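Read-outs: derived from the displayed coordinates by stated rules, not from any lab. Fair warning: this is a prediction, and the values are worked out from it, not measured in the lab. All Cβ positions, glycine included, derive from the backbone under ideal geometry; neighbour counts span all protein chains shown.
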Number of protein chains: 2
Amino acid sequence: MLENYLHLIRPGIDTHQELVVYMRQDCHVCRSEGFTAHSRVRIQVGERSAVATLNIVKGDFLPHNQAALSEAAWRKLKPEEGEKAYFKHAPAVDSMSAVRGKLYGKPLTTAAAKSVIEDINAGHYSDIQLAAFVAACSGNRLTLDETVAITGAMIDAGQRFKWNSERVLDKHCVGGLPGNRTTPIVTAIIAANGLVMPKTSSRAITSPAGTADTMEVLTDVQLSYDRMAEVVKQTGGCLAWGGSVSLSPADDVIIRVERALDLDSEGQLVASVISKKVAAGSTHVLIDIPTGPTAKVRSPEFAARLSELLIGTGAAFGLKVKTIISDGSQPVGMGIGPALEARDVLKVLQCQTDSPQDLRSRSLAIAAALLEMSAGNGQRTGTGQSAGNEWLTLATDTLDSGRAYQKFQEICLAQGRFSEPELAAHRRTVKATRGGIVSSVNNRILARLASLAGAPNAKAAGLDLHVRLGDCVTLGDPLLTVYAEAPGELEYALDFLMSHPDGVHIGEEAV
Amino acid sequence: MLENYLHLIRPGIDTHQELVVYMRQDCHVCRSEGFTAHSRVRIQVGERSAVATLNIVKGDFLPHNQAALSEAAWRKLKPEEGEKAYFKHAPAVDSMSAVRGKLYGKPLTTAAAKSVIEDINAGHYSDIQLAAFVAACSGNRLTLDETVAITGAMIDAGQRFKWNSERVLDKHCVGGLPGNRTTPIVTAIIAANGLVMPKTSSRAITSPAGTADTMEVLTDVQLSYDRMAEVVKQTGGCLAWGGSVSLSPADDVIIRVERALDLDSEGQLVASVISKKVAAGSTHVLIDIPTGPTAKVRSPEFAARLSELLIGTGAAFGLKVKTIISDGSQPVGMGIGPALEARDVLKVLQCQTDSPQDLRSRSLAIAAALLEMSAGNGQRTGTGQSAGNEWLTLATDTLDSGRAYQKFQEICLAQGRFSEPELAAHRRTVKATRGGIVSSVNNRILARLASLAGAPNAKAAGLDLHVRLGDCVTLGDPLLTVYAEAPGELEYALDFLMSHPDGVHIGEEAV
């Protein structure tokens, strides 16, 4: 038997989440194993192993007797530079037969869902196989039972938090609405009322800011579970990045492929949300479903079906879920981008006179619904547009009295610091080239504009939107201001706006 | 506006068919365009452009101001070393909405099929998107109309041959049966009868030999269309590699993903076969469907459905199709691997006494059915197990008289040479460890064994199978002989056989 090892090196190639190994075409391992480009290869380094896709190197960028790993593979296998790795063909992924079965119309059993998710979690699925799984679950092809099965498997595959409280509150937004940064305000109001809300949030993947990106402007968000627990014990809440803890890790892998395909699987979306909430130890969750023509959820019918599945799946795990189907026709607040959104959040918390009223009222509605859920019992869960008046009064009072802002600062300081946001120096204001009524605002174009200006990597970059739907503008009125950290990025974003003028559409002047 | 160009280099990384571009994380293009790992990027080099997946390089393997292309991307864009390339975000692939629609149950229209295949052909689909398309077509989800639509789009997307003959004969095997190398024999018999059969064949992708690999042992197979036409004009037939001509190129891309997923889409299979035959200018095609527990087609029901779709789709393009559902329970002939199969083919053509009788009789049955089709009219097409006796007599006579062998040599010489096969020097014969009846033979294990021994890259490698199903063996009888070009590969194949002893299964001795 040949010695099937090579020494590992790290050339620093980022292939995103896909694990790739690079080997020379003429290396003895490729030849004896019969590996070809795109073979799925099992790599063993000491006790650790992983499956990667093979890229064959024909030139001399790779020395003899060495194999290179992509960044994701290096992080997974954690070898020493030059450490020996052993290679063989990856075993067939048995659970793919369940995926094929589902494509042929066979229901996905609980056991099958478990084996699929375990294999995805272990990194056994290639991108192509992941895409087939996503496709198999797409449309409205997952039943409630199947959604529950996938959700359960996702919960089991990751870490699970426990909190010293009977009621652990949480919120979630189905997404797609720039600037909808209610989480910091809601968490502060809830915690200020003595309730427990250990909030973890995501960073932006394709959008110009995630809640974790926005919070990072104001405080440290990269907390271990132990640090999170301390902050929660001390303040009742936290506002941490979910990525530093390992809740429902298979979900992150699936989401990446769904985004690349732009393929909504409502079952997967529900499994994703509910598995993370159950794993995070939450007991009561308020889910915001912004609905509008350029939001993620585009029709009230889809919003209603999603709502039903979210509530049903949550119930299977003892999680109380309430949904709010909210207006998703335009961005929330004024800013889009981490620092600009952080500024809006602080304005609302500080009850400044020029604070964005939509962000304020949305946050109050969600906080009130959560307060009501927490006080009530299971029968009060379900879909609802607004909470009872008493709860809205409580939430408003918590905010207006300054108690929410005080709690927010407390949480930030417990997480490590409280910093004011700074905005980018390079700015340009775009003005109306005609008078009229603002007749449509395109969330997607504005989000893309903020991304091109540098958000979220450039924290101070993004844009301020100066108008709202229905506003009457005259020639020369400011529509939006673009912020960038470098002049090149500013120009680049403005070029994009020139070729996509429908970010803000001004219709005929009202007669 | 920034100058969005970098200079192209070629580090020789083979990512199979996937187009990959490597850029430095800190390069001005990535920063100004907001590219991240796995972004889909449009690359423009002079007049040529392509869409590639981005890998981000963090180390110094890539110098500043340079971008590297994978081999497939380099072949597609054909730049000079160091040539300037311009980069921007790839436009959204509009035809993916038809794929999403199909996943949601909407029929695939002719126009939609056309746009999908054109985009695939242009390289606009990422692997993930291809997988979603394959999944959308999987199961028995494609109707005859949809299959016809995809077939037509595939034909339009590639080259199309015309021959100076009213009847152009062709054959195809649905595959999965090692050693089933009837094509050279059938082509020789047909051409020896004055008929036209310009045969193109594929190389092995996952199997130990394709017909083109086997023929390459005997003659040159890499012919341009013009060379093919000359050979056909001179001899009536040819036995060329289909990959040097561009028939239904989108199909090759789709097949790779199907194989990686092990996902049979009967509609795709039919579109693949029929599009290539129509594009090749064939008028009458005999399709062999080997059926057995370890063949590609495992049940008679599936074989029948496939047969019906093949005939129906062919008819939509005026192509007469007849199918033979044949025994797929064990390999055909003795050898598996290019040179070993070439030896079997020559034995049959030379009517040697020890020639494999199964290869002979299958070839005669197919040749007879083709002769009958060619003589008859449209009403004679359809599924049939055997051709009329007169045609079988004609085929047998053509073979036994030596006319087929003479024609075969003629074709080979017209293609450039006629060489006898040479077998590999490193050999080991595996013997029966018990007496009994050969009760099962696993096509997949034997194919894998031949691949591990080096086939098809090592042309002389592979195996000879010394027994057939139902044979009675005693302890020490030879079961198979493994051939390899290097001792390491021989050991490696034998190791595999030790851990997979069920390649040839010997049951209890008959009482």
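Here are the numbers:
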| read-out | value |
| --- | --- |
| FRET efficiency estimate (nearest 0.05) - Cβ-Cβ, A:S401 to B:Q44, R0 41 angstrom | 0.10 |
| Sequence of B:V273, B:V186 once ranked by neighbouring C-beta atoms within 10 Å, starting from the fewest | B:V273, B:V186 |
| Ranking of B:D119, B:D145 by count of other Cβ atoms within 10 Å, fewest first | B:D145, B:D119 |
| Other copies of B:K84: label-to-label distances in nm, shortest first, labels 7 Å along the beta-carbon direction | 5.2 |
| Cα-Cα separations in the range B:5-89 greater than 16 Å, expressed as whole percent | 42 percent |
| Fewest-first ranking of A:C412, B:C238, A:C351, B:C27, using other Cβ atoms within 10 Å as the exposure measure | A:C351, B:C27, A:C412, B:C238 |
| Angle in degrees between helix B:144-156 and the longest Cα principal axis of chain B, rounded to the nearest 10 | 70 degrees |
| Highest average packing first - B:290-300, B:337-347, B:28-38, Cβ atoms within 10 Å | B:337-347, B:28-38, B:290-300 |
| Over chain A, volume per residue of the alpha carbon convex hull, in Å³ | 170 Å³ |
| Positive minus negative residues near B:N442 (Lys, Arg vs Asp, Glu; Cβ under 11 Å) | +1 |
| Zone of A:Y104's modelled label, taken as backbone nitrogen in the range B:138-163 under 18 Å from a point 7 Å along Cα→Cβ | B:138-143 |
| 5 angstrom amide H check on A:A455, placed H, neighbours 5+ away | A:G462 |
| Residue mean of other protein chain beta carbons inside 10 Å, A:30-40 | 5 |
| Chain B: relative contact order as a whole-number percent, Cα under 8 Å and 6+ apart | 14 percent |
| Per-residue HN-Hα couplings for the range B:195-200 [Karplus 6.51, -1.76, 1.60; θ = phi - 60°; Hz; x = Gly/Pro] | 9, 9, 9, x, 8, 10 |
| Calculated FRET efficiency for the pair B:E3/B:S439, C-beta based, R₀ 51 Å, to 0.05 | 0.10 |
| Cβ neighbours within 10 Å from other chains - mean over B:101-109 | 3 |
| D_trans [Stokes-Einstein, Kirkwood Rh over alpha-carbon pairs] for the range B:426-507, 4 °C, 1.567 mPa s, µm² s⁻¹ | 103 µm²/s |
| D (Stokes-Einstein, µm²/s), Kirkwood Cα radius, the protein assembly as shown, 1.306 mPa s at 10 °C | 50 µm²/s |
| Folded to 0 to 90 degrees: helix B:338-349 orientation relative to chain B principal axis, Cα | 40 degrees |
| Other-copy label distances relative to A:G105, 7 angstrom Cα-Cβ extension, nm | 1.3 |
| Principal-axis tilt of helix A:266-279 within chain A, Cα atoms, nearest 10 degrees | 90 degrees |
| 5 Å binning of all Cα-Cα separations within the range B:1-153, expressed as whole percents from 0 upward | 2, 9, 18, 19, 15, 11, 10, 8, 5, 2, 0 |
| Set of lysines with alpha-carbon distance to A:K233 below 28 Å, sequence-local pairs under 8 removed | A:K162, A:K171, A:K199, A:K276, A:K277, A:K320, A:K322, A:K347, A:K407 |
| Relative contact order %, the range B:5-89, counting alpha carbon pairs below 8 Å whose residues are six or more apart | 50 percent |
| Shielding by partners, peptide A:134-144 (average Cβ within 10 angstrom, other chains) | 4 |
| Cα-Cα separations in the range A:169-415 greater than 32 Å, expressed as whole percent | 11 percent |
| Nm distances between copies for B:R48, ranked from closest, using label points 7 Å along Cα→Cβ | 4.0 |
| Cβ-based net charge around A:R428, under 12 Å, with every Lys or Arg adding one and every Asp or Glu removing one | -2 |
